[in-house]
Amino acid sequence: MKTSLAALTALGLAAAPSVVAQQGVDSVTIIPGAQYGKSALYTAFMGEGHRDLWTTPFRVEVADLQTLAGGLTPFRVGGGTTTQTLHLRGADGRRYVMRSVDKHPQVLAEELVGTPVERILQDQISSFHPTAALIVPPLLEAVGVLHAVPKLVVIPDDPVLGEFRDQFANLLALYEERPDDGPDGTAGFAGSERIEGSDEFFELLERDPKHSVDARELLKSRLVDILIGDRDRSKNNYLWARFDNPLGGSIWRPIPRDRDQALVEFDGVLKKLYRTVDPRLLDFDPEYSDVVGLTRNAWDIDRTLLVSLSREEWDATVREVQSRITNQVIQVGVSRLPHEHRSKFGSFLEDALIQRRDRLHEATNDFYRLIFEYADVHATDEAETVLIDGQGTTVAVRLYVGPPNGSPRFSRVFQADETREVRIYLHGDDDVAVIRGDRESIHVRIVGGGGRDEMADSTTSGAGRNTLYDGGRSSTFTSTARTTIVRSSPRRPLYWWDDVRTRDFGRTSVPAPAVAFDKHRGLVLGYGMRHDKYAFAKVPNSSATEWQVAWAFGAAQPELSARQFVRDMAAGVDFSMEAIWSGLDVIGFFGFGNEVDAPQASGFYEVDQKLLTLSVTAEIGDEDRWVLGAGPVFRYASTDTAGASRFFALTRPYGSGGFGQLGALAYFSADGADRPLHPSGGYRTRVHARVFPGLLGLDRGSFGALGAEVIGYVSPPASNPTLAVRLAGEKTLGATPFYEAAFIGGSTTVRGLREHRYAGDGSLLMNAELRAGLGQFLFVLPMDFGVFGLFDVGRVYLDGESSSEWHTGMGGGIWLTPFLVSTTVRASWARSEGRSAFYVGLGHLF
């Protein structure tokens, strides 16, 4: 669907606010969002979305505030991150809302107001379907899910609006009843006893076992979400209605609401590219795409409340929804769209919904795996007993209030072909958990809560593992050889509830492109992937696999790299394995010594080297504060000695040609800086060592190196400016190949000098920078910026050489930190020994 700019011009580009809807006027013609009409080139990159619907005029009823619900009185403004919502009381004693159809994203910070970022976010509202909410009530009605019935209206310019008149007059809105408790003790919405929001509802579930949820009805609601491509079912998009449970206590039924993101169309080149990072950028289609992206915003709800359903109940519910949402029901839903929208979109929508309904089981199989592959079972804050019985490939979990008498409040059998882990959270009070029987698989984890818990594992055979967690000093454990006891109580990450994006199950994959350019290698293009896996109590991930392939067009050489990282592989130790083959390394070699001359042009001293590095590293520590690591390393260097016109071919230092080495490395680093990006106080330090014994034909015996650096930051009370000082040194031991020498010169040591200008068997240097932040300016994003002056001094030492020369570099530069970007771009100029150099990089040098 393409938008005609000429047609919009002819219509005067009448946006919604230009409509004047006086009280007493029956209806008006309105364009929901004329501002979303864009050129074909723009939409190719930024997406067509539903621009055609946003820019199509249609006739809409004007709400009569005097007669609706016996008369409506506004009393407050609400809404989420995009919607303006007017709350009203009706003379009939019930509550109502009018929610804006056009959205106005609340930018993340005041610094983004008025920037291109705000305008881009606003434009992406065109990806939403402006009238999608109208089709949903017949679908929910067919499957028996509680819901309000929205109606499209224009809010009149009426004095009744009072203080809200300026904000809401003439606004296109969806008008519906806001589910609430009934007035004066009468029944509430749909005959309910009580209505609660998600926060209060989940607190009740955790506090009191007499409360339960209608899981099958919730699943029906979620199946409708999947059918219509509604990705935004977070906690704010649900209310919960309480009814008497015939079996005792209360049962709560879901009330889904706010259908802003049904039928979303996140298309266009840029969004398709970004979808590889965030799969929630969906594109509604007759075929299902990524179920992870479609369901992720509701994982806290789904993985907590749907876990009680058996596979048989799940499949029966899917079949029921498919049978109840008939073609006629879909047609009725589509018929509620404005005529102008039906004529453009209705036929496609009907066909797409029918196809998606017929293939619903495909999507829901993936949805089922998201819940049950790593299943979460929650007790309450009452004293409870959990019995876990394993047999063969199954684990039966039964949860009782108090002693295990009568009927359990939770009972389910987990199958090994569906479930890898069952995680049971006991929560508060004194609980008892008993694991019995023998099973072949399924890892059972039990996490204690705040009381005095008793955990007993009598498993003696089978492959299934059990891990018991409790940090309470008075809690007790009975274990076998198959039990792991952890004296802590990990907290389950709530993906969106607490605005925390950590995961503890599943995996993600994101692309890792790369581009670079310099005069030696020419244009370098690379592509790779990063695959992360997530597991229980491992933050931010349990493992990561990275690979990248790059090609330098100027040097006509490749670079290949791969890395595997495993967190807490054994006894709190992290392991990583890395392999790098590079044909792109161009280093400088000017000879050994602190005063060696280099009268020729730079190219005379360049060395073309191909390098293979294989390493395995074990690490312990806290990534943010300190790390200790060690492991074996293998290197093979192949250095070109054929170019007789170069200094290297004439001198042929030790390490020329093919050179292999096998050894070990170790390092320790500590970070005591007060801030990661722009430290104004504190310190950082790193110590490293490497040793290569006389193996693989090292005809001159073993060699190694020791090195250290210490960085300090000092600032006045206002934290600006900051003096940053770095002291670093290295000492090589034994007969060292030339490329392992202690070097100074270049972007990381003494700036202004040529790269690797001086080589020796020892080095010592100091870098100092005085950094001053100057403020902020706007360039697409707000940019913090500042300047810095630099002074470097260093030298190398060589056995047998007597030198008192120190090499200095002086200069300065600027730094920029784009808002919401966790790195700094720096550019600097330095001069040393009659030579100037310009540097660009990410982050401060130290």
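Rg (Å, one decimal) plus Dmax (Å, integer) for the alpha carbons of the chain?
According to the Cα coordinates of the chain, Rg and Dmax are 33.3, 101 Å.
Quick one: net charge around Arg89, please, counting Lys, Arg +1 and Asp, Glu -1 for every other residue with C-beta under 12 Å from its C-beta.
Residues near Arg89 contribute +1 overall.
Along the positive direction of the dipole of the range 27-372 (beta-carbon charges: Lys, Arg +1; Asp, Glu -1; about the Cα centre), which of Ser289, Phe58, Thr115 reaches farthest?
Ser289
Rounded, prolate or oblate: which fits the range 532-662 when a ≥ b ≥ c are the square roots of the eigenvalues of the alpha-carbon gyration tensor, with rounded for a/c under 1.5 and prolate only if a/b beats b/c?
On the way: a/c = 2.95, a/b = 2.25, b/c = 1.31.
It comes out prolate by the Cα gyration axes.
Run the numbers on the chain and let me know its relative contact order in percent, using alpha-carbon pairs under 8 Å that are six or more apart.
6 percent
Can you tell which of Ile446, Thr131, Ala598 lies farthest toward the positive end of the dipole of the chain, using +1 and -1 charges on the Cβ of basic and acidic side chains (Lys, Arg; Asp, Glu)?
About the Cα centre, the residue reaching furthest to the positive side is Ala598.
On full extension of the chain, what length is gained from Leu816 through Met577, given 0.36 nm per residue of separation minus the C-alpha to C-alpha distance?
82.6 nm
Separation between the Asp699 and Leu614 pseudo-spin-labels, each 7 Å from Cα along Cα→Cβ, expressed in nm?
2.5 nm
With N residues in the range 27-372, what two-decimal value do you get for its Cα radius of gyration over 2.2 N^0.38 Å?
1.00
Output wanted: per-residue J couplings in Hz (rounded whole) for the range 30-44, from phi through Karplus 6.51 cos²θ - 1.76 cosθ + 1.60, θ = phi - 60°, x for Gly and Pro.
Once rounded to whole Hz, the list reads 9, 10, x, x, 4, 5, 8, x, 9, 6, 5, 5, 4, 5, 4.
I'd like to know which of Leu820, Leu845, Met810 lies farthest towards the positive end of the charge dipole of the range 773-846, counting +1 on Cβ of Lys and Arg and -1 on Cβ of Asp and Glu.
Final value for the positive-end residue is Leu820.
Could you give the C-alpha radius of gyration of the range 84-220 expressed as a fraction of 2.2 N^0.38 Å, taking N as the number of residues it contains?
1.30
Show the residues, 5+ positions off or on another chain, whose built amide H is closer than 5 Å to the amide H of Phe266.
For Phe266, the qualifying residues are Leu282, Asp283, Phe284.
With a point put 7 Å past each Cα toward its Cβ, work out how far Gln391 is from Gln776 in nm, to one decimal.
6.5 nm
Could you sort 189-197, 758-766, 724-732, 616-624 so that the peptide with the highest average Cβ count within 10 Å comes first and the rest follow in order?
758-766, 724-732, 189-197, 616-624
Could you please state, rounded to a whole Å, how far the C-alpha centre of the range 570-605 is from the C-alpha centre of the range 241-282?
52 Å
Is there a quick way to get the dipole size of the range 213-294? I mean about its Cα centre, with the Cβ of Lys and Arg at +1 and of Asp and Glu at -1; what is the value in debye to the nearest 20?
It comes to approximately 320 debye.
Among Trp252, Trp314, which comes first, then next, by fewest other beta-carbon atoms within 10 Å?
Starting with the residue having the fewest Cβ neighbours, the order is Trp314, Trp252.
If each residue of separation counts as 0.36 nm, what is the full-extension length gain between Glu141 and Ile485 once their alpha-carbon separation is subtracted?
118.9 nm
Stokes-Einstein D for the range 379-486 at 37 °C, 0.692 mPa s, Kirkwood Rh over Cα pairs, in µm²/s?
D, rounded to a whole number, is 242 µm²/s.
What is the gain in length, in nm to one decimal, between Lys272 and Asp92 on full extension, counting 0.36 nm per residue of separation less the C-alpha to C-alpha distance?
Separation in residues times 0.36 nm, less the Cα-Cα distance, equals 60.0 nm.
Efficiency by 1/(1 + (r/R0)^6): what FRET value for Asp640 and Val539, r their Cβ-Cβ distance, R0 = 41 Å, to the nearest 0.05?
After rounding to 0.05, the efficiency reads 0.35.
Report, by chain and number, residues whose modeled amide H sits under 5 Å from the one on Tyr758, excluding near sequence neighbours (fewer than 5 apart, same chain).
Correct list: Ile744.
Please rank Glu805, Glu578, Glu373, fewest neighbouring Cβ atoms within 10 Å first, as an exposure proxy.
Starting with the residue having the fewest Cβ neighbours, the order is Glu805, Glu373, Glu578.
About its Cα centre, how strong a charge dipole does the chain have in debye, to the nearest 20, once Lys and Arg get +1 and Asp and Glu get -1 at the Cβ?
1220 debye
Going down the table (Lys271/Lys533; Lys103/Lys533; Lys103/Lys210; Lys103/Lys538; Lys538/Lys731; Lys103/Lys344), which pairs top 32 Å between alpha carbons?
Working: Lys271/Lys533 24 Å; Lys103/Lys533 36 Å; Lys103/Lys210 40 Å; Lys103/Lys538 38 Å; Lys538/Lys731 38 Å; Lys103/Lys344 22 Å.
Cα-Cα > 32 Å for Lys103/Lys533; Lys103/Lys210; Lys103/Lys538; Lys538/Lys731; rest within.
Taking R0 as 22 Å, what's the FRET efficiency between Asp358 and Val332 from their Cβ-Cβ distance, rounded to 0.05? If you can, show how the numbers build up before the last one.
Details: r = 18 Å, r/R0 = 0.82.
The calculated FRET efficiency here is 0.75.
Around Ser27, which amide H atoms from residues at least 5 apart in sequence, or from another chain, sit under 5 Å from its own amide H, with H modelled in the peptide plane?
Val62
Taking neighbour counts of Cβ atoms within 10 Å as a proxy for exposure, in what order, fewest first, do Asp470, Asp315 appear?
Ordered from fewest to most neighbouring Cβ atoms within 10 Å, Asp470, Asp315 come out as Asp315, Asp470.
Treating only the Cβ of Lys, Arg, Asp and Glu as charged (+1, +1, -1, -1), what charge dipole size does the range 92-219 show about its Cα centre? Round to the nearest 20 debye.
Dipole size: approximately 420 debye.
Please report, in cubic angstrom per residue, the volume enclosed by the convex hull of the alpha-carbon atoms of the range 508-571. Don't jump to the answer; show the numbers that get you there.
Details: hull volume 5.6 nm³, N = 64.
Convex hull volume per residue, Cα atoms: 87 Å³.
Let me make sure I get this right: for the range 427-496, a, b and c are the square roots of the gyration tensor eigenvalues over alpha carbons, sorted descending. Under 1.5 in a/c it's rounded, otherwise prolate if a/b > b/c, else oblate. Which is it? All intermediate terms of the calculation are to be shown ahead of the outcome.
Numbers: a/c = 2.27, a/b = 1.39, b/c = 1.63.
Cα axes put the range 427-496 in the oblate bin.
Please say if the range 350-435 is rounded, prolate or oblate, where rounded means a/c under 1.5 for a ≥ b ≥ c the square roots of the C-alpha gyration tensor eigenvalues, and otherwise the choice is prolate for a/b larger than b/c and oblate otherwise?
Here the range 350-435 falls in the prolate category.
Per-residue ellipticity at 222 nm for the chain, helices alone: DSSP H runs ≥ 4 residues times -39500 (n - 2.57), over residue total, nearest 500 deg cm²/dmol?
That comes out to -4000 deg cm²/dmol.
Using a cut-off of under 17 Å, list every residue of the range 362-401 whose amide N is near the label point 7 Å from the Cα of Lys210 along the Cα-to-beta-carbon line.
Only 380-384, 401 pass the distance filter.
Return the distance in nm (one decimal) between the two label points of a simple spin-label model at Arg59 and Asn405, each offset 7 Å from Cα along Cα→Cβ.
Between Arg59 and Asn405, the label points sit 7.1 nm apart.
Read-outs throughout are calculated quantities, based only on the coordinates presented, and are distinct from any laboratory measurement. Bear in mind the structure is a predicted one, so any value in this text is a computation, not a measurement. Methodologically, a virtual Cβ is constructed for each residue, glycine included, from the backbone with ideal geometry; neighbour enumeration extends over all protein chains shown.
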